[in-house]
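All remarks here apply to the structure that follows.
Read-outs throughout are calculated quantities, based only on the coordinates presented, and are distinct from any laboratory measurement. This structure is a prediction, so every number in the text was calculated from the model and none was measured. Every residue, glycine among them, receives a Cβ derived from its backbone with ideal geometry; neighbour counts consider all protein chains shown.
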Amino acid sequence: MKKLSADEKKRVKELNTQIKSLQTKLVVAEKREGKDPYIEVKVRKNQARFERVKKKGAEDKAFGRFFVELGITAEQADIFIPLSIASGKTVAGLMYQIEGTAAGSIETASLQVEGKGVSQITVGTLLFARVPKGVTASFEARVSIRGSFGKSYKLVFTRLNYKLALSDVRYQQYLKEMYSKEVMFS
């Protein structure tokens, strides 16, 4: 086999760099489509409703109540999901934002998990759900928001963070967006 010239070696190195970059982009694109080698996520229940709270001598308040149940299966190995839900940049298990025709504010947000073989692990002040390989855990997200009358709202779960080992510094991310039902505050 013929030896490569310096220019050919340089070109091979550049092509290898491009391949690595494209492979990284492909992994992110597949995660945005819901293709993740470690977890499978399915929306099991999706409910939303509007509630008007009447107050004597004051303006009525508009509340939206959202309930989304996710079935999360550990595919290849045990996974560790933080038992927290957050709007913004705080690291949490489920990250979400409110979409709608008006600004809303969060009243409450909670996350519950259950499933056979699923256990809770505490690391410092952080709580994690350990989902064993091959097991599906049920994650129930409940969010209540205050909003404006005559406007529509929905929740968008933008990311699910998880770890393959508690000692991992970085979180793995499931990037396929999941939507709650939209509710009109009338």
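Given the pairs Lys13/Lys35; Lys61/Lys154; Lys10/Lys31, which span a C-alpha to C-alpha distance of over 23 angstrom in this model?
Distance filter (> 23 Å) returns Lys13/Lys35; Lys10/Lys31.
Using Cα pairs closer than 8 Å and at least 6 residues apart in sequence, work out the relative contact order for the range 36-185, in percent. Write down the numbers at each step before the final one.
Numbers: 404 pairs, mean separation 44.5, N = 150.
This gives 30 percent for the range 36-185.
How about Lys54: which lysines have a C-alpha closer than 16 Å to its C-alpha, ignoring those fewer than 8 places off in the same chain?
Filter leaves no residues.
Given only helices, namely DSSP H runs of n ≥ 4 each adding -39500 (n - 2.57), what is the per-residue ellipticity at 222 nm of the chain, to the nearest 500 deg cm²/dmol? Write down the numbers at each step before the final one.
On the way: 1 runs with 27 residues, N = 186.
My calculation for the chain gives -5000 deg cm²/dmol from helical runs alone.
Compare the peptides 36-42, 62-68 by average per-residue count of other Cβ atoms within 10 angstrom and give them in order, highest first.
62-68, 36-42
Gap in Å between the Cα centre of the range 161-186 and the Cα centre of the range 18-37?
Measuring centre to centre over Cα atoms gives 17 Å.
Using the alpha carbon gyration tensor of the chain, what are the three equivalent-ellipsoid semi-axes (square root of 5 times each eigenvalue), largest first, in whole Å?
Details: eigenvalues 339, 96, 37 Å².
After diagonalising the Cα gyration tensor, the semi-axes are 41, 22, 14 Å.
Would you kindly state how much longer the chain becomes between Thr108 and Leu15 on full extension, computed as 0.36 nm times their sequence separation minus their alpha carbon distance, in nm to one decimal? Working shown, then result.
Numbers: separation 93, 0.36 × 93 = 33.48 nm, distance 5.05 nm.
Taking Thr108 through Leu15 to full extension adds about 28.4 nm, to one decimal.
To test your reading of the geometry: what angle, between 0 and 90 degrees and rounded to tens, separates the Cα axis of helix 6-32 from the longest principal axis of the chain?
The answer is roughly 20 degrees.
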